[in-house]
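So the structure is just underneath, and the comments pick up after that.
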Amino acid sequence: MARAVKKLSARTVATLKKAGRHSDGDGLYLVIDPSGARRWLFMFRWDGKLKEMGLGGIASTSLADAREQAAAARKLVASGINPIDAKRAAEEERKAAKTFGEFADEMLLSILPGYKNVRHQAQWTRALKHYAAPIRPKRLDEIGTDDILKILQPLWQTKQETASRVRGRIERVLAAAKAKKLIASPWENPARWRGHLQELLSKRKKLARGHHAAMPYADVPAFVARLRERDATAAAALEFAILNASRSNEVLGSRWEEIDLDEKIWTVPAERMKGGKAHRVPLSAGSLRIIQKQAEVKISDFVFPGKKQNRPLSSMAMEMLLRRMGASEFTQHGFRSSFRDWCGESTSFAREIAEAALSHTVGDEAEQAYRRGDALEKRRKLMEAWSCFISTPKADAKVIPLKAVQAS
């Protein structure tokens, strides 16, 4: 005659009050303590001895769950595996599993050196340390769609582009964890967009893409005059960027070893250049004045040091300065456009010289092969003329004859 199993019902479990062990069959018991507390117990024989394995209290484990756990334990016993040892090993593995924060920090150390732009480095760091803060303590395999939505929804209506970038970076971290087998299959990335979050968040607004907002070049001298009234590293860095028509990451990452005062040249290494090629910048009188000023207060390997020891100025410093000066509609990168407009409309310098000053590639491959030099001395005259222009607040926008510049 077959043994009776599934003797208990959900109602019995909820209403039974008699203390003791109440069998459900196949080694599963509901245990009611004298205090009235209820818990599940699985009993089995191992090496000739009766063993007891706790399966949790009824508050967190239903009758169906207890039966499922007991069935899994019986299979282990039948396979020659002690379910108590297996449970302990699984718990140790769970404790040893990486959290999102731990793995994200490891990824940052690996991928940040590949970004030349310090702004991109800062954006990655902020996304994974600030915005993803709610999931940093969680195990990688515990993160679900609701966790991602809690991060994105507060941003989605007001900072949709930021939210989109944060989502993409979280998705990449989780995908990398899966690739390293830190997340077991079957699993789908809870931060994926297509066919998933796309259905749970409102439709993305289309952004008007365009050039960086540029200040009219005729207004730059007056702005620089105001800039020079500020005794701050950010002001010096912004003026240096304007004087050299440089990108922000080129300026913020500049080190003293890159500056040759004898030759009056600043050499930006290839790894910090957008085109991946070292760029020599001829330093004008205005640029040399800033270099000298920074040398007097030198505290770091960086020409424009930040608040943290031996770290460069923050990528947001110049942007925040523009806001404080009431010029938030413009960007630091936009001053490169201001410079280029001035070159084309107010000087007789050749187009190739202006483009070279911006470290832009000119011509096809054949033309580039014949143009081996970087027109340094011609660019020096151009940058000196630009320095003179922006150092004169009342300067007008009249054409500067090339001969007059050369004579100076």
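The values are calculated or read from the model by the stated rules, or taken from the named source; none is laboratory data. Every value quoted in this text rests on a predicted model; they were computed, and no experiment measured them. Reconstructed Cβ throughout: ideal geometry from the backbone, glycine too, with neighbour counts over all protein chains shown.
What about A237, is it touching a helix residue (DSSP H, G or I) at 6+ places or on another chain (Cβ under 7 Å), surrounded by fewer than 12 Cβ atoms within 10 Å (Cβ to Cβ) and in contact (Cβ under 8 Å) with a residue 12 or more places away in the chain? No; evaluated as a whole, the condition is false for this residue.
Taking the numbered list (1) of a type outside the set (S, T, N, Q); (2) modelled with pLDDT under 90; (3) not in a helix (DSSP H, G or I) in turn, E367 passes all entries but (3).
Looking across the range 130-184, the residues that are within 16 Å of T99 (Cβ to Cβ), without any contact (Cβ under 8 Å) to a residue 24 or more places away in the chain, over 18 Å from the mean Cα position of the chain (by Cα) and exposed (fewer than 15 other Cβ atoms within 10 Å of the Cβ) come down to E142, K180. Just one of the listed residues (D85, D146, D141) is outside the structural domain of H333 (by TED's automatic domain parsing), part of a helix (DSSP H, G or I) and at pLDDT 95 or above, and it is D146. Being of a type outside the set (D, E, K, R), at pLDDT 90 or above and in a helix (DSSP H, G or I), is that true of even one residue in the range 395-405? No - not one qualifying residue is present in the range 395-405. Scanning the range 238-276 for residues that are aliphatic (A, V, I, L, M) and within 14 Å of S287 (Cα to Cα) yields L238, A241, I242, L243, A245, V251, I259, L261, I265.
Taking the condition of being assigned to a loop (DSSP other than H, G, I, E, B) and either at positive phi or under 23 Å from the mean Cα position of the chain (by Cα) (or both), how many residues in the range 310-333 meet it? So the answer is 10. Filtered by the rule that a residue be at pLDDT 90 or above, within 22 Å of R289 (Cβ to Cβ) and not small (G, A, S), the range 319-342 gives L321, L322, M325, F335, R336, F339, W342.
A single member of A236, A222 is modelled with pLDDT of 85 or more, in contact with a Pro (Cβ under 8 Å, 6 or more places away or on another chain), outside the structural domain of E161 (by TED's automatic domain parsing) and assigned to a helix (DSSP H, G or I), and it is A222.
Yes or no, residue by residue, for (1) surrounded by fewer than 17 Cβ atoms within 10 Å (Cβ to Cβ); (2) of a type outside the set (A, V, I, L, M); (3) in the same structural domain as E171 (by TED's automatic domain parsing); (4) not in a loop (DSSP other than H, G, I, E, B):
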| position | (1), (2), (3), (4) |
| --- | --- |
| R39 | no, yes, no, yes |
| L55 | no, no, no, yes |
| A66 | no, no, no, yes |
| Q69 | no, yes, no, yes |
| A72 | yes, no, no, yes |
| A89 | yes, no, no, yes |
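Exactly one residue out of L182, L174 is within 30 Å of K138 (Cβ to Cβ) and not in a helix (DSSP H, G or I): that is L182. For the range 29-49, the set of residues classified as touching a strand residue (DSSP E or B) at 6+ places or on another chain (Cβ under 6 Å), among the hydrophobic types (A, V, I, L, M, F, W, C) and closer than 17 Å to A70 by Cα consists of L30, V31, W40, L41, F42, M43, F44, listed by residue number. For A354, only one of the following conditions fails: (1) without any contact (Cβ under 8 Å) to a residue 40 or more places away in the chain; (2) assigned to a helix (DSSP H, G or I); (3) surrounded by fewer than 18 Cβ atoms within 10 Å (Cβ to Cβ). What is its number? Condition (3) is where A354 drops out.
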